[in-house]
Amino acid sequence: MKKMLKKISTASLLSSMMLLTAVPSLTNAESPQTVTVPQGGNPQVLQNASVFGDLPGDTQVTVDIVMKIDDKDKLAKYIKETTTPGSKNYRHYLSVDQFSKSYGVNPELIKKATNYLSSFGIQSKVYPNNLIITATGTADQLNKAFSISIKKEKYNEKIFHGTKDTPKLPASFGKDVLCILGLSDYSNFTSRALKQPAPLTEGENTPVGPLNLSPSDLIKQYNVQPLYDKGANGAGQTIGIVTLADFNPEDAYTFWEKAGITVKPNRITKTNVDGGSGWDGYDETTLDVEQSGALAPQANINVYVGPNTDTGFTDAFAQAINENKAQQISVSWGESEPAIQYFVQQLAETPQYAEVFNQLYMQAAAQGISMFAAAGDEGAYDAAREFGLSSTVPNAASLSVDNPADSPYITTAGGTTLPFHFHSNAYNIDVKNDQERAWGWDYLYNYFDKRGLNNIAQWPNRYLAGGGGGFSLFFATPDYQLGVPGVNKYSAVKQWTPNADQTSLTRDAAPSIVTGTGNGRNMPDISMNADPYTGYMVWFSDPGAPGSNSGYATYGGTSFVSPQLCGLSALINSANNTQAGFWNPQIYRFAQQADSPLHPLNTTGNSNDNGFFTGTPGTIYNQATGLGTPDVAALANKFK
């Protein structure tokens, strides 16, 4: 399950579009003394919201002023050296202070910014990386500081504040600002956790297979047990979870107890960032903690809960990375690149929004933090569930990937389906998955058809579901992917045809195999089981009421794989008494070695696709499952 920001959480993002901001432009400067910082916002909201007055001047508003990294190319070179054996900087990681001094903004510019804000009575907090300034003041103070007018507005029965004005800042520090987040707080972010949508065991159906899994099943499937046999348990490690919803810590302890897993007492620390969040999407946070903690039972778990806003998401990462306590961090919230691209086309935001997270992930890599993100649960059509196929939004039905998993500095977790069979007497249909395959629900198309689900309303939620993958529009192919067999080329199972502006799809009469080339950051990087029909059990109670109406539910999605990899990272680090750091350059190197610990799923056809992308024999990478599935014990040996 993937969480979508906006935001969306394994979620339904973009029916409610996020309010993003843009990069300062010297060319739009009002005078040599000021630069404009275009205000981003949902164009539908800006055009259709009812404005009913000024936001009361004494209303408190919090924004993030995000600065640009100093010498990004030099930082990229340093990160590469930390993952290259034989380099003088191999596994020599920076402290937060060292990062700030080397790559953060000059303290004098930060001082100019905070002094400017202070002159209006605005309080500011500078994160230790010298890249993010969180500013809190009244609406009157922000109006004056940014030369804007914040209004009260209403849209879709939601009351919020926002501005259509373009903020201005002094050029003395404004030219170094990447973007401003938070001048508008419209959001409608909901959880899209992928619970099993319909049991396959109704009536006379007779399933055989792993439909309700526990951590022990993962341990067996991916050869984790040898690490436990050697005494590894995650001791000395801290797992970080960045999330946008609250949870009951007691549920996690109950889950581990019922699974027979002995865990470190009082291991969970919850940090409410910017005041924390509500309960919408608490299933995501719950499963993140349960799954990661089950695999590294003696590791600490720090959970960073931010508000479901653009500033909340940014600040949750900033808090986790600048605390620098977690050696590995997982996130399972995101949104599709077409959503961001749509805002760009509407002059409502800039791709620099994605760069906010990319900068933070670069900082994490330089500090030796292993970052993991869910690739998404809409297969090769990441925006389809956000917009639907009847929205008339261009590119809603395009081949697309998820942000912030698209950053080259995070390990993107893809999804597979484990072997299982079932026979439906009601429809006289057999479904057989005889080996682990890319997760794509085309193996259920005949079953869905018989159930009368073959319609445009059901296509995004059922027919297009699968492990996210494809090519990023925002980020170039990183060095570690270049030259890897299968990268920037693809085989695919074409089953859908988009209309001219890619606002919708029609289903082809029969699938066909196509091949082609692509460019950009290839996704995902590595995969494990994510199909809800071979999903994992999660223990829940009612929100805020531990023990009330508690019980198991079976879920799936790549938002399982991300925290599971995070837990395995902690286990591997404890086994090797090391800190592996940024995984990607290393696992792509391992995958090209004769004794690779990764198993590519490179069969071509609809027995191994994510709804479009499939494998290619003789390659080690594809956009359905990345480098394939891990032999965790062998991977740990490679990371020594």
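Spelling out what I want: for every residue of segment 566-575, take phi, set θ = phi - 60°, compute 6.51 cos²θ - 1.76 cosθ + 1.60 (Karplus), and round to whole Hz; glycine and proline get x.
Using θ = phi - 60°, the values come out as 5, x, 5, 4, 4, 5, 5, 4, 5, 5 Hz.
Under a cut-off of 13 Å between alpha-carbon atoms, report the aspartates and glutamates in cross-link reach of Lys80, not counting same-chain residues fewer than 8 places apart.
Excluding near neighbours in sequence, the set is Asp479.
What ranking of Ser118, Ser548, Ser569 emerges when the number of other C-beta atoms within 10 Å of each C-beta is taken as an exposure proxy, fewest first?
Numbers: Ser118 14, Ser548 11, Ser569 33.
Fewest to most other Cβ atoms nearby, the residues stand as Ser548, Ser118, Ser569.
With angles folded into 0 to 90 degrees, how steeply does helix 352-366 sit against the dominant principal axis of the chain? Use alpha carbons for both and round to 10.
The two axes meet at around 70 degrees.
Calculate the dipole size of segment 63-104 relative to its Cα centre from +1 charges on Lys and Arg beta carbons and -1 charges on Asp and Glu beta carbons; express the result in debye to the nearest 20. Write down the numbers at each step before the final one.
Working: 8 positive and 6 negative charges, 44 e Å.
The dipole of segment 63-104 has a size of about 220 debye.
Once both labels are modelled 7 Å past Cα along the beta-carbon direction, what's the Thr269-Ala510 spacing in nm?
6.1 nm
For Lys450 and Thr262, calculate 0.36 nm times their separation in residues minus their Cα-Cα distance, and state this gained length in nm to one decimal.
Working: separation 188, 0.36 × 188 = 67.68 nm, distance 4.55 nm.
Stretched fully, the Lys450-Thr262 segment lengthens by 63.1 nm.
If I take every Cα pair under 8 Å that is 6 or more residues apart in the chain, average their sequence separation and divide by the length, what percent do I get for the relative contact order?
Reported as a whole number, the value is 18 percent.
What order do you get for Thr269, Thr134, Thr309, Thr166 when you list them from fewest to most C-beta neighbours inside 10 Å?
Numbers: Thr269 13, Thr134 22, Thr309 26, Thr166 16.
So the residues, fewest neighbours to most, are Thr269, Thr166, Thr134, Thr309.
Quick check: convex hull of the Cα atoms in segment 594-640, volume per residue, rounded to a whole Å³?
On the way: hull volume 3.1 nm³, N = 47.
Per residue, the Cα convex hull of segment 594-640 comes to 67 Å³.
Stretch Val208-Lys88 to full length: gain in nm at 0.36 nm per residue minus the Cα-Cα span?
Details: separation 120, 0.36 × 120 = 43.20 nm, distance 5.31 nm.
Stretched out fully, the Val208 to Lys88 stretch lengthens by 37.9 nm.
Using just the C-alpha positions of segment 266-320 as equal point scatterers, what log10 of I(q)/I(0) does the Debye formula give at each q in 0.21, 0.30 1/Å?
For segment 266-320, the Cα-only Debye profile gives -0.80, -1.20.
Name the longest site-free stretch of the chain, where the excluded sites are chymotrypsin sites (Phe, Trp or Tyr not before Pro) in a DSSP loop with no more than 15 other beta-carbon atoms within 10 Å. Intermediate results must be reported in sequence, preceding the final value.
Numbers: sites that count: Tyr90, Trp279, Tyr427.
In short, 428-640.
Of Lys264/Lys640; Lys175/Lys489; Lys68/Lys144; Lys72/Lys151; Lys230/Lys264, which sit over 30 Å apart, Cα to Cα?
Values: Lys264/Lys640 25 Å; Lys175/Lys489 39 Å; Lys68/Lys144 24 Å; Lys72/Lys151 37 Å; Lys230/Lys264 18 Å.
Table pairs above 30 Å Cα-Cα are Lys175/Lys489; Lys72/Lys151.
If each residue of separation counts as 0.36 nm, what is the full-extension length gain between Asp229 and Tyr427 once their alpha-carbon separation is subtracted?
On the way: separation 198, 0.36 × 198 = 71.28 nm, distance 4.63 nm.
Stretched fully, the Asp229-Tyr427 segment lengthens by 66.6 nm.
Do the sum for the chain: with -39,500 (n - 2.57) for every DSSP H run of n ≥ 4, divided by all residues, what is the mean residue ellipticity at 222 nm, to the nearest 500 deg cm²/dmol? Mind showing how you got there, number by number?
Values: 18 runs with 167 residues, N = 640.
Result for the chain: -7500 deg cm²/dmol, rounded to the nearest 500.
Starting from the alpha-carbon convex hull of the chain, give the projected area averaged over all orientations, in nm². If you can, show how the numbers build up before the last one.
Numbers: hull surface 108.4 nm².
Averaged projected hull area, Cα only: 27.1 nm².
In nm, to one decimal, how far is the modelled label at Asn519 from the one at Phe120, with both set 7 Å along Cα→Cβ?
Each label point is offset 7 Å from its Cα along the Cβ direction, giving 4.1 nm.
P(r) of segment 367-521 in 5 Å steps, Cα pairs, percent per bin?
Taking every Cα pair in segment 367-521, the percentages come to 2, 8, 15, 20, 20, 15, 10, 6, 3, 1, 0, 0.
With labels modelled as points extended 7 Å from the Cα through the Cβ direction, what inter-label distance (nm, one decimal) is found for Asp217 paired with Lys77?
Going from the Asp217 label point to the Lys77 one covers 4.9 nm.
Restricting to Cα atoms and excluding each atom paired with itself, what does the Kirkwood estimate give for segment 318-441 in Å?
On the way: mean 1/r = 0.0594 Å⁻¹.
So the Kirkwood estimate lands at 16.8 Å.
When you take every Cα atom in segment 473-579, what is the radius of gyration, and what is Dmax, the widest Cα pair distance, in Å?
In Å, with Rg to one decimal and Dmax whole: 20.3, 55.
Choose one of Thr616, Ala580, Leu178: the residue whose Cα lies farthest towards the positive end of the charge dipole of the chain (beta-carbon charges +1 Lys, Arg; -1 Asp, Glu; about the Cα centre).
Selected residue: Ala580.
Only the coordinates and a few stated rules stand behind these numbers; no lab work does. The model shown is predicted, which means the values in this text are computed figures rather than measured ones. In this analysis, Cβ positions are derived from the backbone assuming ideal geometry, glycine residues included, and neighbour counts consider all displayed protein chains.
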